[in-house]
Amino acid sequence: QVQLVESGGGLVQAGGSLRLSCAASGSIASILTWGWYRQPPGKQREWVAFITSGGNTTYTDYVKGRFTISRDNAKNTVYLHMHSLKPEDTAVYYCVVQAETGYWGQGTQVTVSS
């Protein structure tokens, strides 16, 4: 099994930046893909970005050029660097990893004020 702990959410003004962190423990070697989802208020959960074990990254169009996903293998941690934040980026952000099954973090709130 894999346990995920997220941190780094908060309140930021539009145009600002935040960095989310997701630390994994447990069966780290089984993880194939790391990623981030988000759920805006009143909307469905949507994917944001993924990074594979080989380091390949994919981003949804909404965040391309503004968000960067990265991974620190030594710390078993994945990051989501968010820049030029917009009010529509307000959401609960979830870390997710795909191993033998999918594992989700508890979520961290990001609020962007206009």
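At a glance:
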| quantity | calculated |
| --- | --- |
| Residue pairs meeting the criteria (Cβ under 6 Å; at least 6 apart or on separate chains; first in contact (Cβ under 8 Å) with a residue 24 or more places away in the chain and over 10 Å from T77 (Cα atoms), in segment 6-28; second β-branched (V, I, T) and open to solvent by 30 Å² or more (accessible area, probe 1.4 Å)) | L11/T111 |
| Verdict on A23 being in contact with a helix residue (DSSP H, G or I) (Cβ under 8 Å, 6 or more places away or on another chain) and open to solvent by 40 Å² or more (accessible area, probe 1.4 Å) | yes |
| Selection from segment 34-55 of residues that are open to solvent by 40 Å² or more (accessible area, probe 1.4 Å) and either on the phi > 0 side of the Ramachandran plot or in contact with a Ser or Thr (Cβ under 8 Å, 6 or more places away or on another chain) (or both) | P41, G42, E46, W47, F50, T52, S53 |
| Subset of segment 29-54 [aliphatic (A, V, I, L, M) and free of Cβ contacts under 8 Å to residues at least 60 places away in the same chain] | A29, V48, A49, I51 |
| Within segment 63-89, tally of residues that are open to solvent by less than 40 Å² (accessible area, probe 1.4 Å), more than 26 Å from S27 (Cβ to Cβ), without any contact (Cβ under 8 Å) to a residue 60 or more places away in the chain and not in a loop (DSSP other than H, G, I, E, B) | 2 |
| Segment 105-114, subset touching a Leu at 6+ places or on another chain (Cβ under 7 Å) and assigned to a strand (DSSP E or B), residue nearest to A24 (Cα to Cα) | T108 |
| Selection within segment 97-114 - among the hydrophobic types (A, V, I, L, M, F, W, C) and either open to solvent by 90 Å² or more (accessible area, probe 1.4 Å) or touching a Cys at 6+ places or on another chain (Cβ under 9 Å) (or both) | V97, W104 |
| Residues of segment 90-104 satisfying the condition of being more than 18 Å from L18 (Cα to Cα), part of a loop (DSSP other than H, G, I, E, B) and either of a type in the set (V, I, T) or modelled with pLDDT of 95 or more (or both) | T101 |
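The values are calculated or read from the model by the stated rules, or taken from the named source; none is laboratory data. What you are looking at is a predicted structure, and each value in this text was computed from that prediction instead of being measured. So basically every Cβ, Gly included, is an ideal-geometry build from the backbone, and we count neighbours across all protein chains shown. Side chains included, ligands, DNA and RNA excluded: accessible areas come from the protein's heavy atoms. Shrake-Rupley method; radii C 1.70, N 1.55, O 1.52, S 1.80 Å.
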